[in-house]
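Colleague: The following block contains the structure, expressed as structure tokens.
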Amino acid sequence: MTNMKLNTFPIAKLPFDLIENVLSFSIEHKGSKVIGSQLIYVCLMFAKAAIPHFWRHLYLEEPTQKKIFAILHGNPSKRMFNYHGMVKSVTICPVWISNMKSGGLLRTLDIVLSNLPNLTRIHIEDKLSFCHNYHLNKEATTEQLADLLCKKDLKELILDSDHLVFNDELLEIVSSQSRGLKMLSLNGPHFSDEGIMEYVIPNLKDDLVEFSAGHGGINPITLTGNTVLALLENCPKLKRILLEGVDLSDSDFIGEDLPLSNLEYLWLGKTSHQNFTAKGLASLLMTCNESLVSLVLDLSHVSSLVLQDIIIPLFQHQKLRELHLVSASWAEWSAYYPRPRSEHEVRAKEAMLCWKLKAYWGITHDLIDLIGEKIPTLKVFSILGENHLKAGLF
């Protein structure tokens with residue numbers, strides 16, 4: 001659309017909501033970059049449709065943070081758009097964990113929470129550990145940080161830091177004063193099992209829909225399987241769990257009276273090869289085998305035997321529709337079973353292809369549902385370019 005000659009195509013006659021809907025699929029936030037930013041230069045209509053999608057998420061780090069704050073602090077009557085109302089999510093990369101300078105975390109949080117009325121999500125991503133001791137006498141405290149985070153009823157909170165102020169005490173204050181926090185993501189060595197079980201679960205058990213630990217973060221986490229079991233047992237609305245580097249062990253899940261959960265999405269990342277084996281994995285999956293819709297395993301020790309004996313039998317339940325193995329097992333299994341022999345193997349292969357279409361090609365659930373989820377109909381997506389669905393695979 002950006003290459004069309006505006007004098008030969010009446011873009012202005014198209015419905016505005018149609019333009020906005022089309023552009024929304026072309027605009028993507030990846031870290032500090034916005035994919036599709038050139039769309040605002042096509043015409044005024046494109047700018048009006050695209051700019052709200054650019055501003056729905058702000059990535060605050062120096063020096064761009066100063067430019068963004070200058071826009072937010074400018075005279076509203078001189079702005080074409082209500083930028084304050086567009087922002088739904090903010091990622092803060094603090095240069096200091098102090099209240100000094102414009103890049104300090106406390107000052108940034110105060111400005112963000114005071115000026116963005118529709119903000120529902122905050123992500124604090126602490127990349128500069130060496131700056132923690134830069135202002136020894138002006139360090140922020142856990143109480144100061146918690147007071148700011150509790151100023152607004154956030155729906156999503158992502159904390160990723162190895163600084164001492166990010167700890168169980170912070171979880172206690174924030175979880176006790178939060179109303180309606182649905183997603184919590186933790187990365188950092190000062191969060192513990194006790195903090196989750198003593199503070200998070202009692203206060204958020206009726207609201208929490210998604211819990212993430214270690215996934216996509218830059219700081220290691222020290223949680224164990226005890227946290228996983230406590231969440232599954234006590235949070236009835238919990239639908240999504242993403243775990244990366246959590247210290248899981250077979251003993252956490254074997255020999256226990258495991259709870260049945262309503263979990264729909266499970267991402268299980270790197271963990272100890274020796275302590276967490278196929279037995280522990282099978283027991284964990286039993287807690288959600290009736291409800292699971294999507295399963296992603298990034299376990300390099302998942303073998304074709306585990307795939308055949310543990311994962312594929314899950315497809316006797318009709319809800320499981322997406323499967324992805326971040327390991328060589330997928331290629332090995334595809335080569336060994338070029339033509340799935342049983343109904344379960346067929347459904348497992350279809351689930352793997354659905355996940356690949358969504359994650360790698362950006363195909364939406366709605367489009368996959370429209371075309372169909374069966375192997376013969378999934379082949380229609382081969383027209384999109386690189387053919388992951390070559391006939392030889394089936």
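The values are calculated or read from the model by the stated rules, or taken from the named source; none is laboratory data. Everything numeric in this text was worked out from a predicted model, so none of it was measured. For neighbour counting, all protein chains shown are included, and Cβ atoms are generated from backbone atoms with ideal geometry for every residue, glycine included. Accessible surface areas use protein heavy atoms only, side chains included; no ligands, DNA or RNA. Shrake-Rupley method; radii C 1.70, N 1.55, O 1.52, S 1.80 Å.
Colleague: Cβ-Cβ distance below 7 Å, separation of 6 or more or different chains: which pairs start in region 159-176 with a residue that is within 16 Å of GLY104 (Cα to Cα) and in contact (Cβ under 8 Å) with a residue 60 or more places away in the chain and end on one that is among the hydroxyl-bearing types (Ser, Thr, Tyr) and assigned to a helix (DSSP H, G or I)?
Modeller: Note: pairs meeting the criteria are VAL165/THR142.
Colleague: Also: Do the conditions hold for GLY245, that is, is it of a type in the set (Gly, Ala, Ser), touching a Lys or Arg at 6+ places or on another chain (Cβ under 8 Å) and more than 21 Å from TRP355 (Cα to Cα)?
Modeller: Taking the combined requirement at face value, the residue satisfies it.
Colleague: Give region 239-255 a look and list any residue that's open to solvent by less than 20 Å² (accessible area, probe 1.4 Å) and more than 19 Å from the chain's Cα centre (by Cα), or say none.
Modeller: The answer is LEU248, PHE253.
Colleague: Within region 207-225, is there a residue that is crowded, with 18+ Cβ neighbours inside 10 Å, touching a Cys at 6+ places or on another chain (Cβ under 9 Å) and under 16 Å from LEU159 (Cα atoms)?
Modeller: yes
Colleague: Okay, moving on. Looking only at region 20-42, decide whether some residue is more than 30 Å from VAL165 (Cβ to Cβ) and at pLDDT 75 or above.
Modeller: Looking through region 20-42, none of the residues is more than 30 Å from VAL165 (Cβ to Cβ) and at pLDDT 75 or above.
Colleague: If you don't mind, there's one more thing I want to ask. Do we find a residue being over 21 Å from VAL228 (Cβ atoms), in contact with a helix residue (DSSP H, G or I) (Cβ under 6 Å, 6 or more places away or on another chain), open to solvent by 50 Å² or more (accessible area, probe 1.4 Å) and at pLDDT 75 or above anywhere in region 296-304?
Modeller: No: zero hits.
Colleague: I'd like the full set of residues that are assigned to a helix (DSSP H, G or I) and more than 24 Å from GLY180 (Cβ to Cβ), limited to region 194-247.
Modeller: Answer for region 194-247, where residues must be assigned to a helix (DSSP H, G or I) and more than 24 Å from GLY180 (Cβ to Cβ): GLU194, GLY225, ASN226, LEU229.
Colleague: Shifting gears a bit: Would you be able to tell me the number of residues in region 327-345 that are open to solvent by 50 Å² or more (accessible area, probe 1.4 Å), among the hydrophobic types (A, V, I, L, M, F, W, C) and either in a helix (DSSP H, G or I) or at pLDDT 75 or above (or both)?
Modeller: Residues meeting the conditions: 2.
Colleague: For region 69-96, which residues satisfy the criterion of being at pLDDT below 85 and among the hydrophobic types (A, V, I, L, M, F, W, C)?
Modeller: Listed by number, the residues that qualify are PHE69, ALA70, ILE71, LEU72, MET80, PHE81, VAL95, TRP96.
Colleague: Which count do you get for residues in region 256-291 that are open to solvent by 80 Å² or more (accessible area, probe 1.4 Å) and assigned to a loop (DSSP other than H, G, I, E, B)?
Modeller: Total satisfying the criteria: 7.
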